[in-house]
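Visitor: One structure, pasted below without further comment.
The values are calculated or read from the model by the stated rules, or taken from the named source; none is laboratory data. Quantities reported herein were computed from a predicted structural model and do not represent experimental measurements. Ideal geometry is used to build each Cβ from the backbone, glycine not excepted, and the neighbour counts take in all protein chains shown.
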Amino acid sequence: MNWLQQLFSRRGQYEALSEEIQAHLDEKVEELVAGGMSREDANHVARREFGNPALTEEDGREVWRWASIEDFFTDIHHGWRSLRHNPVFTVVGLLTIAIGIGANAAVFSVVNSVLLKPLNYPHSEQLVSLHQIAPGAAGLADFENGLLLSGSMYFTYAKHNRAFQALGTWDTGVANVTGLAEPEQVRGIGVSDGLLQALAVPPAVGRWFTAEDQDPHGPQRVILSDGYWRRHFGADRSVIGRNLMVDSHSREIVGVMPPGFRVANEDFDVMVPLALDRAKLILAGFGLHGIARLKPGVTMAQANADIIRMLPIWMDSWSNGPGSNPHWYERWKITPQLRPLKQEVVGNVSDVLWVVMGTLGLVMLIACANVTNLLLVRIEARQQELAVRAALGAAWGRIVRGLLVESTMLGLLGGALGAVLASAGVHFLVAMGPANLPRLQEISLDGRTLAFTLILSVLSGLLFGLIPALKYAGPRSSLELRSAGRTFSVSKERHRARNLLVIGQVAMALVLLVSAGLMIRTFQALRTVEPGFTDAAHLQLMRISIPESLVAQPEMVTRTQNAILDKLAAIPGVKSVGFVNVMPMEGFESGWDEIYAEDKNYAEAIPSRCAFSNMVRRDFCRLPERAWSPDATSPGAISTNSARW
Amino acid sequence: MKKSAQRDLFPGALEMMILRTLKRQPLHGYALVQHIKRTSNDLLQIEEGSLYPALQRLLKEELVKAEWGISSTNRRVRIYTLTPAGAKRLEREVSSFERMLQGITQVLAPGKA
């Protein structure tokens, strides 16, 4: 008979027992009467020889009772009653815990979704970002993205590597989709062959791009994201084979990716093949992000070595044009620093998140200290009750357990409330959508977060219950019966626990205050950084991209841009308009050009004259006060950052 | 903790006697207690009721099992039978009891100390 059956058969056992005892007495009486005794005497004797039937029954039942569990339920019942009878204490305690646990659970769900969960690709641990640095490139390539891949690099790596199952590159951009309803600017992403194969996420409908789709002169194809497909085609599966006008090229829709699919951290609406033209590629043009899937068993170090092996092949196979020295790049000391794709996606946000998590841990401790203090005060009022219970023979372990059950219930209720708060907080965060938080769409309260909340609730419940329980329900509490009844003066010793708590709380609060102050100061300092332009409130930003296919000749570009500028300037309230390639403070996109001074002779083309260039048109420099010299508006003039020359 | 039945017996003695008795034949509660009393020539002062908690313990440990049946005096009674586990337990208890008894006897034996 296992314990579960016992639990259910218990009632049957009890009934059998009482019936049996009755039968026993009856049989005894019958026998005595048969022996010639009067029935009254027989009853009496039977009772005497049997002992106390009620006590016997009780003892018999005791055997079947599952003492600890039943006492536990009694404790819960008591705890619940005690919480209900002190609504003010309960509400204050609950709110304190709920806020503490809620904040922790919310941040944990972010930490869990962003940092702990693997990326949304099959065997995502095999995925690496082809990150490389070029310490010899004198500040050209040592920023966050390192040295991106050039098209020729991609072809070299894809052909000659031994370490990867699949390897591909990607780049983002905007695309204009016309011909559906209103023309729309959408987020586009260009991918090379091998990228989808490396990420290995099957399409929801249709197929991936094949090598054939990468032919720059072949038929043009496009893959849609799930969101775009739903918005514009109502999730119609027959969309495959239809045509979409992307940047005024008609492209055949060949597939739809599943919901939540992203390339690294890049969301997109339409995906097109990069369709790199081998014939036009040179060594340079470092603008592609690379992703590869390691072969099973290949380590990061082996993969790095593989890239190092391929770099000379790259320089031998391609050139920067006649007269240039392909091995010139040796000076750049290009070094592969492959890293897990997850690290690339998460970036440096992990430090920040752990700091926030730690900070909220302190907040939680303070909340616990607060509730402990509340419990200490309350338990002093309950001295009499506890002393009476102890005097009536309650084991002090039992009393401690009762108090712990009560505080754990408080913790659990607070935790449940906290989970609700956390859920609201996470929804708010996702809705707010901070730009620099990767994997934002993946953030949710999942099982792991709930488990974390549960553990936190129980632990905090035990933590703030243990101190008062041990302090007041100890073996000496029977002594308090006298003193607690008569006087309410609080001894120094009783004060000590509360004093310690207050000291701890103030110390932790001070740490938090100082950290918060430092952060606010950093934020303020950031606000006063000179952005290079003034009156930001009156600047409006608008992004356009003119498809190359629409404006074949350079003059057409100028004319189209001028027409756009004129129309914008004609809008009432617009004072001036201008074009720029990259906005101030927007970071560097790789717009690289070689710049030569007219009056100097150069022995060879020196790509170190490469500069990050930014195209500026018309009134742009009237907008920023000082970043660019005014003569940049005349055609053919350039202005440079003085530090470089 | 007062198990009045065991005031004069050492813990487990009653259970041991029950198991031994049931080994001979299955019995119901009343017959069981009568048998024990009779066999001990009424030397053991057992409250008849104390048998029942002991039986419950044995039931719980699955050393005996109980089934409703009809007694020789035509009563509906619960008849207890020894289980194989109970037989094994009895063997162990008896041998350890005998060793204990031997020890006590040697200590108590006059002249030898």
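Visitor: Right, A:Phe50: within 14 Å of chain B (Cβ to nearest Cβ), of a type in the set (A, V, I, L, M, F, W, C) and crowded, with 18+ Cβ neighbours inside 10 Å or not?
Guide: So A:Phe50 passes the test.
Visitor: Across segment A:502-535, what is the number of residues that are surrounded by 12 or more Cβ atoms within 10 Å (Cβ to Cβ) and aromatic (Phe, Trp, Tyr)?
Guide: 1
Visitor: Next question. Which helices (runs of 4 or more DSSP H) does segment A:32-124 wholly contain that include 1 or more residues that are basic (Lys, Arg)?
Guide: Values: elements: A:39-50, A:53-64, A:67-84, A:87-111.
Hits in segment A:32-124: A:39-50, A:53-64, A:67-84.
Visitor: Among the residues of segment A:168-213, which ones are free of Cβ contacts under 8 Å to residues at least 60 places away in the same chain and charged (D, E, K, R)?
Guide: A:Glu182, A:Glu184, A:Arg207, A:Glu212
Visitor: Ok, one more. Can you find a residue that is more than 8 Å from chain B (Cβ to nearest Cβ), more than 17 Å from B:Ile46 (Cβ to Cβ), modelled with pLDDT under 85 and surrounded by 12 or more Cβ atoms within 10 Å (Cβ to Cβ) anywhere in segment A:13-28?
Guide: There is at least one residue in segment A:13-28 that is more than 8 Å from chain B (Cβ to nearest Cβ), more than 17 Å from B:Ile46 (Cβ to Cβ), modelled with pLDDT under 85 and surrounded by 12 or more Cβ atoms within 10 Å (Cβ to Cβ).
Visitor: Facing another protein chain (nearest Cβ under 7 Å), free of Cβ contacts under 8 Å to residues at least 40 places away in the same chain, surrounded by 12 or more Cβ atoms within 10 Å (Cβ to Cβ) and farther than 14 Å from B:Val33 by Cβ, is that true of A:Val33?
Guide: Details: facing another protein chain (nearest Cβ under 7 Å): no; free of Cβ contacts under 8 Å to residues at least 40 places away in the same chain: yes; surrounded by 12 or more Cβ atoms within 10 Å (Cβ to Cβ): yes; farther than 14 Å from B:Val33 by Cβ: yes.
The answer is no for A:Val33.
Visitor: Suppose we keep only residues that are among the polar types (S, T, N, Q) and surrounded by 11 or more Cβ atoms within 10 Å (Cβ to Cβ) within segment A:1-12. Which one would you say is modelled with the highest pLDDT?
Guide: Result: A:Ser9.
Visitor: Is it true that B:Leu90 is closer than 22 Å to A:Thr56 by Cβ and either within 12 Å of chain A (Cβ to nearest Cβ) or surrounded by 16 or more Cβ atoms within 10 Å (Cβ to Cβ) (or both)?
Guide: no
Visitor: Being surrounded by 14 or more Cβ atoms within 10 Å (Cβ to Cβ) and within 21 Å of A:Ser129 (Cα to Cα) narrows it down to one residue among A:Trp314, A:Trp318; which is it? Give the derivation first.
Guide: On the way: A:Trp318 fails: within 21 Å of A:Ser129 (Cα to Cα).
The match here is A:Trp314.
Visitor: One residue is enough: does segment A:518-539 have a residue meeting the conditions touching a helix residue (DSSP H, G or I) at 6+ places or on another chain (Cβ under 9 Å), in contact (Cβ under 8 Å) with a residue 24 or more places away in the chain, assigned to a loop (DSSP other than H, G, I, E, B) and over 30 Å from A:Ile467 (Cβ atoms)?
Guide: Scanning segment A:518-539, I find no residue that is touching a helix residue (DSSP H, G or I) at 6+ places or on another chain (Cβ under 9 Å), in contact (Cβ under 8 Å) with a residue 24 or more places away in the chain, assigned to a loop (DSSP other than H, G, I, E, B) and over 30 Å from A:Ile467 (Cβ atoms), so the answer is no.
Visitor: Something else now. Can you name the residue in segment A:538-574 that is surrounded by fewer than 10 Cβ atoms within 10 Å (Cβ to Cβ) and among the charged types (D, E, K, R) and, of all such residues, is nearest to A:Asn176 (Cα to Cα)?
Guide: Checked segment A:538-574; the qualifying residue nearest to A:Asn176 (Cα to Cα) is A:Arg543.
Visitor: Further, regarding this structure: A:Thr74 - would you say it is exposed (fewer than 14 other Cβ atoms within 10 Å of the Cβ) and not aromatic (Phe, Trp, Tyr)? Walk me through how you get there before you give the answer.
Guide: On the way: exposed (fewer than 14 other Cβ atoms within 10 Å of the Cβ): yes; not aromatic (Phe, Trp, Tyr): yes.
For A:Thr74, the condition - exposed (fewer than 14 other Cβ atoms within 10 Å of the Cβ) and not aromatic (Phe, Trp, Tyr) - is met.
Visitor: Would you please name the residue that is nearest to the other protein chains (Cβ to nearest Cβ), looking only at residues in segment B:61-80 that are more than 20 Å from B:Lys37 (Cβ to Cβ) and surrounded by 14 or more Cβ atoms within 10 Å (Cβ to Cβ)?
Guide: The extreme case among them is B:Ala66.
Visitor: In the list A:Gly179, A:Gly194, which residue meets the criterion of being modelled with pLDDT under 90 and at positive phi?
Guide: It is A:Gly179.
Visitor: Take A:Ile223 and decide whether it is under 24 Å from A:Gln126 (Cα atoms), in contact (Cβ under 8 Å) with a residue 24 or more places away in the chain and buried (at least 17 other Cβ atoms within 10 Å of the Cβ).
Guide: No.
Visitor: For segment B:4-43, what are the residues that are surrounded by 14 or more Cβ atoms within 10 Å (Cβ to Cβ), modelled with pLDDT under 80 and within 13 Å of chain A (Cβ to nearest Cβ)?
Guide: Scanning segment B:4-43 gives B:Ser4, B:Ala5, B:Gln6.
Visitor: Output the number of residues of segment A:237-252 satisfying the condition of being part of a loop (DSSP other than H, G, I, E, B) and at pLDDT 90 or above. Spell out how you get there, then give the answer.
Guide: Here is the first cut: in segment A:237-252, the residues part of a loop (DSSP other than H, G, I, E, B) are A:240-242, A:247-248.
Among the residues that remain, those that are also at pLDDT 90 or above are: A:240-242.
So the count comes out to 3.
Visitor: Let me ask you something else. Quick one: in segment A:61-106, of everything that is touching a Lys or Arg at 6+ places or on another chain (Cβ under 9 Å) and within 14 Å of chain B (Cβ to nearest Cβ), which residue is nearest to A:Gly411 (Cα to Cα)?
Guide: For segment A:61-106, the residue satisfying everything is A:Trp66.
Visitor: Taking segment A:433-469, which residues are modelled with pLDDT under 85, in a helix (DSSP H, G or I) and hydrophobic (A, V, I, L, M, F, W, C)?
Guide: A:Leu440, A:Ile467, A:Ala469
Visitor: Let me ask another. How many residues are in contact (Cβ under 8 Å) with a residue 24 or more places away in the chain, surrounded by fewer than 15 Cβ atoms within 10 Å (Cβ to Cβ) and not in a loop (DSSP other than H, G, I, E, B) if we restrict to segment A:272-301?
Guide: Selection size over segment A:272-301: 1.
Visitor: Follow-up question, since we're still on this one. Can you pull out the residues in segment A:256-314 that are of a type in the set (Gly, Ala, Ser) and closer than 16 Å to A:Gly194 by Cα?
Guide: Residues of segment A:256-314 that are of a type in the set (Gly, Ala, Ser), as a first pass: A:260, A:264, A:275, A:279, A:284-285, A:287, A:290, A:292, A:297, A:301, A:303, A:305.
Of everything in segment A:256-314, those that are of a type in the set (Gly, Ala, Ser) and closer than 16 Å to A:Gly194 by Cα turn out to be A:Ala264, A:Ala275, A:Gly290, A:Ala292.
Visitor: Right, something else. If you take the residues in segment A:478-495 that are under 27 Å from A:Leu94 (Cβ atoms) and not hydrophobic (A, V, I, L, M, F, W, C), which one is modelled with the lowest pLDDT?
Guide: Looking at residues that are under 27 Å from A:Leu94 (Cβ atoms) and not hydrophobic (A, V, I, L, M, F, W, C), I get A:Arg494.
Visitor: Here's something else I'd like to know. Sort out which residues of segment A:398-420 are surrounded by 17 or more Cβ atoms within 10 Å (Cβ to Cβ) and under 28 Å from A:Leu119 (Cα atoms), and write them in order of number.
Guide: A:Gly418, A:Ala419
Visitor: Checking A:Ser423 against (1) more than 18 Å from A:Lys117 (Cβ to Cβ); (2) within 17 Å of the chain's Cα centre (by Cα); (3) of a type in the set (S, T, N, Q): exactly one of these is not met. Which one?
Guide: (1)
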